[in-house]
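Have a look at the structure below before the remarks.
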C-alpha cells in the first residue's frame with residue numbers, strides 16, 4: 001500500500017512538473033510574433049532591403065517557439081540525416097508557399113484561428129511520437145502543417161501594412177532568412193537529440209518530453225481559441 005501511494009505521488013509530481021514546462025512553453029509561443037523594434041522597421045521600410053529582411057526572417061524563426069516546438073517533434077525520432085532533410089524540406093515547402101502567397105496575394109486569416117491550429121499541430125505531433133495517434137502519413141501531415149505555420153507568419157506580417165514598393169523581393173529575402181534560421185535551429189536540435197539518444201533513460205526522457213510538448217500545444221490552442229471567440 002505504501003509503495004502504491006509513493007508511486008502515485010511520484011506520477012503526480014511528474015505531471016505537475018511537465019504541465020508547468022508546457023505552460024511556460026505555451027506562454028512563450030503565445031507571446032511570439034514580430035518584435036516591436038522590428039515592427040517599426042518593417043512598417044517604415046520602402047524599396048528593397050534584402051539583407052535586413054533576411055536577418056529578420058532568420059531571427060523570427062530562431063525565436064519562434066511554436067515553430068521550433070513542432071520541428072523538434074518532427075525530428076525527435078529521426079536518426080538519419082537524409083530523413084531529417086526530407087521531412088524538414090516538406091515543412092519548409094508548405095511554409096514558404098503560404099507565407100509568400102498570403103502576403104503577396106493579401107489572403108488574410110484570423111491570427112487567433114491560425115495559431116490555434118498551430119497549437120493543435122504541436123499536440124498532434126506529440127501524440128504521434130507517443131504512438132497514440134496517427135491519422136495520415138507523417139509526410140503529408142508535416143507538409144500540411146507547414147502550410148498552416150506559413151499562414152501564421154503571413155498574417156502577422158500583413159497586420160503591419162507593409163509597403164508594396166519592393167514587397168516581392170523583400171518577402172523572398174524574408175523567406176530565405178526563415179529557411180536559414182530553420183537550418184540553424186535544426187542543427188542545434190539534431191545535435192541535442194543525438195546526445196539524448198545516448199542516455200540510458202532516453203525512453204523515459206522522450207516520453208516526458210512529448211507529454212510536455214502536448215501540454216504546451218494544448219494550452220496554446222486553448223489561449224488562441226479563446227482569443228478567436230472573444231475577438
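The values are calculated or read from the model by the stated rules, or taken from the named source; none is laboratory data. The structure displayed is predicted, hence computed values, not measured ones. Quick reminder, even Gly has a Cβ in these numbers, built from the backbone with ideal geometry, and neighbours come from all protein chains shown.
Structure notes:
- Condition met for residue 60 (buried (at least 22 other Cβ atoms within 10 Å of the Cβ), under 16 Å from residue 160 (Cβ atoms) and either in contact with a strand residue (DSSP E or B) (Cβ under 9 Å, 6 or more places away or on another chain) or modelled with pLDDT under 80 (or both)): yes
- Whichever residue in the range 98-112 is surrounded by fewer than 17 Cβ atoms within 10 Å (Cβ to Cβ) and not in a loop (DSSP other than H, G, I, E, B) and, among such residues, is nearest to the chain's Cα centre (by Cα): 101
- All positions within the range 167-199 that are surrounded by 16 or more Cβ atoms within 10 Å (Cβ to Cβ) and out of contact with any helix residue (DSSP H, G or I) (no Cβ under 9 Å at 6 or more places or on another chain): none
- Some residue of the range 204-219 being in a helix (DSSP H, G or I), surrounded by fewer than 19 Cβ atoms within 10 Å (Cβ to Cβ) and more than 20 Å from the chain's Cα centre (by Cα): yes
- Taken over the range 139-161, the residue count meeting the criterion of being farther than 17 Å from residue 96 by Cα and touching a residue at least 60 places away in the same chain (Cβ under 8 Å) is 2.
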